[in-house]
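Quick note: the coordinates plus some simple rules give every number you see, no bench work behind them. The shown structure was predicted, so the numbers you read here are calculated from the model rather than taken from an experiment. In this analysis, Cβ positions are derived from the backbone assuming ideal geometry, glycine residues included, and neighbour counts consider all displayed protein chains.
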Amino acid sequence: MDTTPESYLDLFPLETIVYLTPDSENVLEDIDPDKVYVLGGLVDESIHKQLTLRRAREQCLQTARLPIREYMVRAPNPRNYHSETLAINQVFDILSTYYETRSWPAALRAGVSSGKGYVLPDTAEQ
């Protein structure tokens, strides 16, 4: 992995960038090796709805969200808490696992903790 102080906007053509945000209406169905995926994230303890989506739109970038709703179900829990907002390391783990396995269920199992209120259908009743 390389790090740089330069912006991704200066390093890659806009048409190759996909900004990942839980607020996108577009579902990430596959990883395209010709695309650059930006993990939209905030270092903040509160959740700012739509902030990463607005940022991506301001930069005229494609957006996508992980397919949590498509592969997982809401698990009953005492607080009735369900969130698709994940930490950057969780998103990275999901993308890495998906890239290796080509299985969204395996990838989501690896990265979405049960504390988020979502589980795979085969574990919903456990």
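Note on THR4/ARG79: beta-carbon distance plugged into 1/(1 + (r/R0)^6) with R0 of 41 Å gives a FRET efficiency of 0.50. In the chain, Cα pairs under 8 Å separated by at least six residues give a relative contact order of 25 percent. Computed extension gain for ASP30 through CYS60, at 0.36 nm per residue and net of the alpha carbon distance, reaches 8.7 nm. Report the normalised scattering of the range 8-119 as log10 I(q)/I(0) at q = 0.13, 0.18, 0.23 Å⁻¹, calculated by the Debye formula with identical scatterers on the alpha carbons. For the range 8-119, the Cα-only Debye profile gives -0.49, -0.93, -1.41.
Taking each residue as 0.36 nm, the span from LEU120 to THR16 lengthens on full extension beyond its C-alpha to C-alpha distance by 34.3 nm. Extension gain, ALA87 to GLN50: 0.36 nm times the residue separation minus the Cα-Cα distance gives 11.8 nm. Taking the average, over residues, of other Cβ atoms within 10 Å as the packing measure, peptides 29-39, 96-106, 56-66 rank 56-66, 96-106, 29-39 from highest down.
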